[in-house]
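Structure first, then comments.
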Amino acid sequence: MNRTVVTDESELSCPTDMAYVVAARTAETAELGALLEATATGDTGAFSELYKRTSSRVYGMVLRVLRDPGYAEETAQEVFLQIWKQAGTFDTAKGSAIAWMMTLAHRRAIDRVRSEQSSADREHVYETRNYRDEFDQVTEEVWRRFERQAVLDCLNALTPTQRESLTIAYYGGLSYREVADDLGVAVPTVKSRIRDGLIKLRGCLGVM
């Protein structure tokens, strides 16, 4: 029996029907963008619909960072209050409505994590920001183009060690050293896994 061996994991592609995904994302992008623009004018009905269609995603993002349902619920509500107040700053030229909202959610969650930690933890703040900014560039582009399932498919295309390191570092808001201690490996190993994981994630999703 002939077997095809994949030697380069960067060649792996998402098994999702991308034509359907792109069409669905395009439609959603237009609809959520219109709701956000209406919210900026003070339209409470539009804001209510926006909340109904996106609150589970915002809460999910916040929960992955905070790991506490109570804190996550409070922070998610703060995110939507911020969206209501700052909807007028949304710029379609810079990305989709959901990308903008998820970025606000992630940053507020990270701020909540930091507020619960010692202000003296300088290394944590520096290292978290260092790889968070790079990962944000990927995830913002991902939310413009693909449904959540496509992201999950591509994360599953990474090696287990890359996926584990990247998930703990980004969603857990941990520093390289904290991730290394958690996994019981050297700091350079963690940095290499995160870097290689980001590269392969870009390749899988077609993000340049």
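The values are calculated or read from the model by the stated rules, or taken from the named source; none is laboratory data. Please read these numbers as outputs of a predicted model, since none were measured by experiment. Glycine also receives a Cβ, built like all others from the backbone with ideal geometry; neighbour counts cover every protein chain displayed. Accessible surface areas use protein heavy atoms only, side chains included; no ligands, DNA or RNA. Shrake-Rupley method; radii C 1.70, N 1.55, O 1.52, S 1.80 Å.
Do we find that GLU164 is touching a Lys or Arg at 6+ places or on another chain (Cβ under 9 Å), assigned to a helix (DSSP H, G or I), at pLDDT 80 or above and among the acidic types (Asp, Glu) in this structure? Give the steps one after another, and end with the answer.
Working: touching a Lys or Arg at 6+ places or on another chain (Cβ under 9 Å): yes; assigned to a helix (DSSP H, G or I): yes; at pLDDT 80 or above: yes; among the acidic types (Asp, Glu): yes.
Yes; evaluated as a whole, the condition is true for this residue.
Among the residues of the stretch 168-182, is any open to solvent by less than 60 Å² (accessible area, probe 1.4 Å) and in contact with a Cys (Cβ under 9 Å, 6 or more places away or on another chain)?
no
Given (1) open to solvent by less than 50 Å² (accessible area, probe 1.4 Å); (2) over 11 Å from LEU104 (Cβ atoms); (3) touching a Lys or Arg at 6+ places or on another chain (Cβ under 9 Å); (4) not β-branched (Val, Ile, Thr), identify the lone condition not met by GLN82.
Among (1) open to solvent by less than 50 Å² (accessible area, probe 1.4 Å); (2) over 11 Å from LEU104 (Cβ atoms); (3) touching a Lys or Arg at 6+ places or on another chain (Cβ under 9 Å); (4) not β-branched (Val, Ile, Thr), GLN82 violates only (2).
Among the residues of the stretch 68-97, write down those that are of a type in the set (Val, Ile, Thr) and at pLDDT 90 or above. Talk me through it step by step, then tell me what you get.
Filtering the stretch 68-97 for residues of a type in the set (Val, Ile, Thr) gives 75, 79, 83, 89, 92.
Once the filter is applied, which keeps residues that are of a type in the set (Val, Ile, Thr) and at pLDDT 90 or above, the stretch 68-97 yields THR75, VAL79, ILE83, THR89.
Within the stretch 23-67, track down each residue that is aliphatic (A, V, I, L, M), over 17 Å from GLN77 (Cα atoms) and touching a residue at least 24 places away in the same chain (Cβ under 8 Å).
Hits for the stretch 23-67 are ALA24, LEU32, LEU35, ALA40.
Condition (residue is at pLDDT 80 or above and more than 18 Å from the chain's Cα centre (by Cα)) applied to the stretch 148-160: is it met by at least one residue?
Yes, some residue in the stretch 148-160 is at pLDDT 80 or above and more than 18 Å from the chain's Cα centre (by Cα).
When the residues of the stretch 14-58 are filtered to those that are in a loop (DSSP other than H, G, I, E, B) and open to solvent by 50 Å² or more (accessible area, probe 1.4 Å), which remaining residue is modelled with the lowest pLDDT? Reasoning before the result, please.
Residues of the stretch 14-58 that are in a loop (DSSP other than H, G, I, E, B), as a first pass: 14-17, 41-43.
With open to solvent by 50 Å² or more (accessible area, probe 1.4 Å) added as a condition, the list becomes 15, 17, 41, 43.
Working: PRO15: 53, ASP17: 57, THR41: 93, ASP43: 93.
Applying the filter and picking the extreme gives PRO15.
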